[in-house]
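Everything below concerns the one structure shown next.
Where a number appears in this text, it was derived from the coordinates with a stated rule and is not lab data. Computed from a prediction, not measured in an experiment: that's the story for all the values here. Cβ sites come from the backbone with ideal geometry, for glycine too, and all protein chains shown count toward neighbours.
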Amino acid sequence: MAEIEVYKRTPAEQAMLKKRAKQSMKGQIMMFSLMIFLTLISFSMVVAFESGVAGFSKYFIVPMLMLFAAVQVGLQLYYFMHMSEKGHGIPQMFMFTGALFGFLIPLTFATIVWW
Amino acid sequence: MSSVAQKKGFGATLWDWLTTVDHKKIGILYFLGGGFFFVVGGIEAMLIRWQLHKPNNDFVSAGLFNDLITMHGTTMIFLAAMPILFGFMNAIVPLQIGARDVAFPFINSLGFWMFFFGGLFLNISWIYGEVPDAGWTSYASLSLASPGHGIDFYAIGLQIAGGGTLMAGINFLVTIINMRAPGMTYMRMPLFTWTTFVASAMILFAFPPLTVGLFFLTFDRMFGGNFFHHAMGGNTIIWEHIFWIFGHPEVYILILPAFGIFSEIFSTFSRKRLFGYPSMVFATVLIGFLGFMVWAHHMFTVGLGPTANAIFAVATMAIAVPTGVKIFNWLLTMWGGSIKVTTPMLYALGFIPSFVMGGVTGVMQGAAPLDYQLHDSYFIVAHFHYVIVGGVVLAILAATHYWWPKMFGTMLHEGLGKVTFVFFFIGFHMTFLIQHWLGFWGMPRRVWTFMDGQGWNMANFISTIGAILMAVGVIVLVINIIITSVKNVRVSNDPWGDGRTLEWAIESPPVFYNFPTTPLVRGLDTVWIEKMEGNEAGYTAAEPVKDIHMPNGSIIPLFMSLGLFVAGFGAMFRTETSWGLPVLIIGLAFTFVCMSARSLIDDTGYYIKKDELLRDMKRKGGQA
Ligand code: HEM
Ligand SMILES: [Cu+2]
């Protein structure tokens with residue numbers, strides 16, 4: 001069997017890692033509140049529309065909801081699934097390429113097949 | 001298990017090959033499997049050409065002719081060209097990046113067996129007597145109307161084989177991302193590794209659409225679906241879109257590894273670093289990306305409208321730019337190099353003009369208004385054979401000679417190799433050059449026969465003679481292989497003497513663990529750098545000799561594929577026989593049982609001990 005190596009962190013390293021973990025925690029909590037806030041706004045918009053508040057038309061709410069959804073996906077990926085950290089270049093590239101194809105191809109279908 | 005060679009009985013050897021997870025052996029299996037289907041597809045081609053060698057010929061019937069062209073195209077693309085390329089990727093890429101195997105050896109074996117059983121399934125149609133006959137593109141308006149089980153063989157066979165391809169692609173991606181030796185940065189990867197990487201990424205994105213399309217087709221034909229039935233609210237054009245969203249990337253999946261092979265050969269035998277390496281990498285990635293944006297150029301005449309046609313025409317022509325970059329880089333690699341015209345180099349030299357001609361006709365077809373004239377004529381046949389035979393097949397033949405010593409430990413005869421080249425190259429141009437004119441003169445593609453007095457007789461006759469010359473070339477190659485294997489003269493690490501990349505730093509063929517110690521990569525063409533600095537072995541170890549962890553072989557991949565193969569027959573005969581449904585269920589259940597067995601029973605592999613490695617190394621005179 002391969003030997004197991006035990007690696008001891010120096011105190012400086014330990015301190016740095018701790019600081020980093022704390023920062024990351026702070027970021028996560030902030031983003032979590034932001035996401036809850038966005039969700040609240042989304043629901044309120046729909047409630048406002050349902051109860052007929054002036055200015056909340058379908059053509060305003062639907063694009064706004066889409067935008068919020070996109071922001072939420074981004075936050076989810078970067079803050080909670082750690083895509084902002086080092087070493088995620090390749091997964092990012094594949095995800096963005098896939099998303100691009102997944103957007104462009106249906107768009108083409110929508111315009112030239114189903115229009 | 002010991003690494004010291006032992007004499008094994010036939011049964012043990014067979015078992016070893018059926019259960020192997022060693023990338024080098026799987027590479028050879030792919031090579032042999034693909035080679036077998038290449039011969040099958042070649043025989044189909046000869047029958048097609050014989051039918052067309054004179055007007056009003058009735059050598060084969062019209063129906064059989066449709067079977068032949070469909071199976072020829074499908075076999076050559078899915079069962080010959082791709083698997084043979086996978087063979088080289090398997091055999092060479094792990095060596096080039098300094099790895100001991102691919103990332104998922106088990107899945108590697110599964111991918112091979114799925115390809116093999118899928119191909120078998122497709123070709124059993126010949127024995128059953130109902131053969132796919134709607135062309136390799138299998139357009140839904142034809143394929144849904146095709147009576148009998150022919151198209152079912154196509155849909156299910158390709159589904160199984162395609163699943164194997166997808167696994168192989170993902171495996172190469174993970175291997176290249178994760179298993180590179182220390183120092184092997186992305187911008188130091190040999191071009192064959194790069195093109196394998198990009199082609200695998202294209203497989204990852206292109207094969208799921210094919211899977212979906214084939215499932216739709218399967219459901220429409222066998223389970224009462226209506227995806228493509230226009231009378232039932234479906235849309236037959238959607239098949240064309242789905243097929244070409246897969247199909248155009250597919251042609252680049254074939255040509256990119258070919259580009260990689262030639263890049264290696266040009267720089268090896270010009271004894272010079274590849275000119276413009278970064279631009280080569282960039283062009284490869286760009287081609288891979290653009291390849292997904294042009295599919296509708298196969299559908300210009302469907303009636304998408306001028307705007308869509310214009311957009312796709314421009315996108316199509318844009319691909320010619322990175323392709324041109326590559327051509328110039330190869331020319332400039334040779335420029336000022338000290339060129340040695342070996343057999344692989346001869347193929348590389350022949351490839352450039354041939355492929356350029358195919359690219360030029362591609363751009364012509366990419367101009368939508370002109371394509372209205374060219375579409376579905378022999379011009380198209382000429383175009384794609386110039387790129388596929390002049391590009392992919394020449395690359396396969398070149399790589400066969402170039403890497404034969406690395407895969408099999410012997411050297412193919414150079415003289416016979418050159419004979420093969422001459423026959424094949426002349427035959428190829430003779431067959432397909434004249435077909436451009438046949439297209440201009442109005443001969444449609446996929447016709448069973450033609451009438452006298454249209455001025456097509458001579459051209460078709462010449463084309464058939466060319467095909468015979470190509471066949472002669474391939475036969476000479478087979479003879480060469482037999483002679484070489486019988487003589488069995490073993491060769492050294494670097495039999496060409498000019499190897500630049502890591503595969504040439506180890507024995508031919510390599511020991512089963514490839515590298516006793518992981519190599520340290522010091523730059524592009526690392527072996528060349530080491531040799532120039534006087535290190536004859538060509539490699540520096542990155543670590544001391546340690547125990548090596550190896551995976552165990554397994555028969556499960558073969559069984560899993562067999563289950564799918566059996567289930568395929570069940571699906572096909574489900575409605576007309578009482579045994580169809582049970583067989584479908586039993587086949588799938590068997591596959592799932594095998595899968596669970598694999599998941600539940602831990603197989604942690606084994607270790608090669610340090611002592612054993614040291615003994616091996618001493619026996620070889622102790623390199624590293
Ligand atoms: C400069 C690059 C290329 C361009 C601009 C190009 C363009 C085209 C166009 C426009 C067509 C459709 C013609 C029609 O059906 O009317 C076509 C067909 C085809 N091309 Fe290319 N092509 C290029 C390179 C390649 C390569 C590298 C390959 C394969 C290795 C390839 C394989 C094929 C095949 C197989 C077909 C026929 C498909 C079928 O209808 O059965 N092409 N090409
Ligand atoms: Cu295309």
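Points to keep in mind about this one:
- Exercise: per-residue mean of other protein chain Cβ atoms within 10 Å, A:102-113: 4
- Relative packing of A:45-54, B:115-124, B:466-475, which averages over residues the other C-beta atoms within 10 Å, highest first: B:115-124, B:466-475, A:45-54
- Burial order of peptide ranges B:271-277, B:504-510, A:104-110 (average beta-carbon count within 10 Å, highest first): B:504-510, B:271-277, A:104-110
- Kirkwood Rh and Cα Rg combined as Rg over Rh, evaluated for chain B: 0.97
- If R0 is 51 Å, the Cβ-Cβ spacing of A:Leu107 and B:Val545 corresponds to a FRET efficiency of close to 0.35.
- Dividing the summed helix terms, -39500 (n - 2.57) for each DSSP H run of n ≥ 4, by the number of residues in the protein assembly as shown produces a 222 nm estimate of -22500 deg cm²/dmol to the nearest 500.
- Highest to lowest packing among A:56-66, B:315-325, scored as the average C-beta count within 10 Å: B:315-325, A:56-66
- Within the shell of other residues whose beta carbon sits under 11 angstrom from the beta carbon of B:Asp16, the net charge comes to +1, with Lys and Arg scored +1 and Asp and Glu -1.
- Cβ charges +1 (Lys, Arg) and -1 (Asp, Glu), total dipole of the stretch A:11-84, debye: 360
- At most 15 other Cβ within 10 Å, DSSP loop - chymotrypsin sites (Phe, Trp or Tyr not before Pro), the stretch B:357-460: B:Trp441
- Ordering A:Thr97, B:Thr195, B:Thr284 by the number of other Cβ atoms within 10 Å of each residue's own Cβ, fewest first, gives A:Thr97, B:Thr284, B:Thr195.
- Across peptide B:300-307, the average count of Cβ atoms from other chains found within 10 Å of a residue's Cβ is 1.
- Which of B:Ser377, B:Leu433, B:Phe259, positive extreme of dipole for chain B (C-beta unit charges): B:Phe259
- Dipole magnitude (debye, nearest 20) for chain B, charges at Cβ of Lys, Arg, Asp, Glu: 1420
- Shape category assigned to chain A from the gyration tensor of Cα positions, a/c cut at 1.5: oblate
- For the stretch B:471-624, the Rg and Dmax computed from alpha carbons only, in angstrom: 24.0, 73
- In a reduced charge model with +1 at each Lys and Arg Cβ and -1 at each Asp and Glu Cβ, the stretch B:357-494 shows a dipole moment near 400 debye about its Cα centre.
- The lysines whose alpha-carbon is closer than 19 Å to the alpha-carbon of A:Lys58, local same-chain residues fewer than 8 away aside, do not include any residue.
- Neighbours of B:Trp295 by Cβ distance under 13 Å: Lys/Arg scored +1, Asp/Glu scored -1, total -2.
- What the Cβ-Cβ distance of B:Ala145 and B:Tyr186 gives, at R0 = 56 Å and to the nearest 0.05, is a FRET efficiency of 0.70.
- Taking 19 Å as the cut-off, the amide N atoms of the stretch B:423-453 that come nearer than this to a point 7 Å along the Cα-to-beta-carbon line of B:Asp58 belong to B:447-453.
- Partner shielding of A:88-99 amounts to 2, given as the average count of beta-carbon atoms from other chains within 10 Å of each residue beta-carbon.
- With the Kirkwood sum run over all distinct C-alpha pairs, the protein assembly as shown has a hydrodynamic radius of 28.2 Å.
- A simple rule links phi to the HN-Hα coupling: the Karplus curve 6.51 cos²θ - 1.76 cosθ + 1.60 with θ = phi - 60°, which for the stretch B:587-596 gives x, 5, 4, 4, 4, 5, 4, 4, 4, 5 Hz, with x for Gly and Pro.
- Using a Förster distance of 35 Å, the FRET efficiency for B:Val593-A:Lys86 (Cβ separation, nearest 0.05): 0.25
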